[in-house]
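So the structure is just underneath, and the comments pick up after that.
The values are calculated or read from the model by the stated rules, or taken from the named source; none is laboratory data. These numbers were taken from a predicted model, which means no experiment stands behind them. Every residue, glycine among them, receives a Cβ derived from its backbone with ideal geometry; neighbour counts consider all protein chains shown.
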Amino acid sequence: MGGVTADARSSRPEARKPLRERTESELARKRRARKIDRLLAEAHPDAHCELDYANPLELAVATILSAQCTDVRVNLTTPALFARYRSAADYAEANPEDVEAIIRPTGFYRNKTRSIIGLGKALVEHHGGELPRGMDELVKLPGIGRKTANVIRGNAFGVPGITVDTHMIRITNRLGLVSGKDPVKLEFAIQKLIEPREWTMFSHRIIFHGRRVCIARKPACGACSIAALCPSFGEGPTDPAEAAKLLRGDNIPDLLRLAGVEDAVDA
Ligand code: SF4
């Protein structure tokens, strides 16, 4: 096992005045945010919505099911649901017990069933059975808040949106781009930092980074390609070999290379 190279070390935050001790202008923060976005695009070139869906209605239902549940579990559950209920009218007329039986593995299944059937009814009653594109209309629908509306708009309709979920809150705070946990305030604060055309992809990249590198319990700081731009470097292990063990996903060699530590970690 080798050591961290001199080049890698000199680009580390601890080699300079720590970011957390610096004052930063709005312009500097915007530049840093956009650089982070570019580096995350390199680290997670395949970032995308990890829920399976074939149309806006399926995405809305899958997103409702994803509350307090992993995307993997939702994707195991939705094929049976989508095969049985194909339109808003199907959900509107569904027997709650039938829906509950299918979505039970996703947790909170009674509330989720109420939301999904209520969504079907509202779509039939007010929107001709189709999902509207507008934020104002979407957030009036059962089970849909701004987070879900942004997921639907960004992925099903191509309207840029910042999705503020638990990963976005944790990582943008760790990065010192924003402070606080109020999702609506964060959404507007992040909008000011990132170019609008990047909003949806920035959201996917942050979520990928949160699942694969900047993990909630123990972030892989020593194997993170945006470490030099992060004031929280050191919140997780800084030793590359130790940090590498925390990485998840199927492109770990690329993540190590982009972090400049592939030589420091045993293959
Ligand atoms: S893994 Fe560490 S260095 Fe990277 S973004 Fe998270 S807290 Fe910052």
ask   = Given the conditions (1) in a helix (DSSP H, G or I); (2) more than 16 Å from Ala41 (Cβ to Cβ); (3) touching a residue at least 12 places away in the same chain (Cβ under 8 Å), and given that Trp199 satisfies all but one, which numbered condition is not satisfied?
value = (2)
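Scanning the range 216-250 for residues that are assigned to a helix (DSSP H, G or I) and under 22 Å from Ala41 (Cβ atoms), which turns out farthest from the ligand (Cβ to nearest atom)?
Ala244
Filter the range 108-145 for residues that are of a type in the set (D, E, K, R) and in a loop (DSSP other than H, G, I, E, B) and give the result.
Matches in the range 108-145: Glu130, Arg133, Lys140.
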inquiry  = Consider the range 189-215. How many of its residues are under 17 Å from Lys35 (Cβ atoms) and either surrounded by fewer than 19 Cβ atoms within 10 Å (Cβ to Cβ) or within 10 Å of the ligand (Cβ to nearest atom) (or both)?
reply    = 9
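To keep it simple, each residue is scored yes or no on (1) away from the ligand (no atom under 16 Å from the Cβ); (2) among the basic types (Lys, Arg); (3) touching a strand residue (DSSP E or B) at 6+ places or on another chain (Cβ under 6 Å).
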| residue | (1), (2), (3) |
| --- | --- |
| Tyr109 | yes, no, no |
| Ser115 | yes, no, no |
| Leu131 | yes, no, no |
| Glu137 | yes, no, no |
| Lys140 | yes, yes, no |
| Gly158 | yes, no, no |
| Arg174 | no, yes, no |
request  = Go through Leu19, Leu40 for me and flag whichever is of a type outside the set (D, E, K, R), at pLDDT 95 or above and at negative phi.
outcome  = Leu40
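Results for (1) within 20 Å of the chain's Cα centre (by Cα); (2) assigned to a helix (DSSP H, G or I); (3) not assigned by TED's automatic domain parsing to the domain that holds His204, shown as yes or no for each residue.
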position	(1), (2), (3)
Val61	yes, yes, yes
Gln68	yes, no, yes
Arg73	yes, yes, yes
Leu76	yes, yes, yes
Phe82	no, yes, yes
Asp90	no, yes, yes
Ala94	no, no, yes
Glu97	no, yes, yes
Glu100	no, yes, yes
Inter-residue pairs, beta-carbon under 7 Å, first in a helix (DSSP H, G or I) and in the range 253-267, second polar (S, T, N, Q) and modelled with pLDDT of 90 or more, 6+ apart = Leu255/Ser225; Leu258/Ser225
ask   = So Thr148 clears everything in (1) in a loop (DSSP other than H, G, I, E, B); (2) in contact (Cβ under 8 Å) with a residue 12 or more places away in the chain; (3) among the hydroxyl-bearing types (Ser, Thr, Tyr) except one condition, right? Which one?
value = (1)
key: Test result for Met168, of a type outside the set (Asp, Glu), under 30 Å from Val265 (Cβ atoms) and within 16 Å of the ligand (Cβ to nearest atom)   = yes
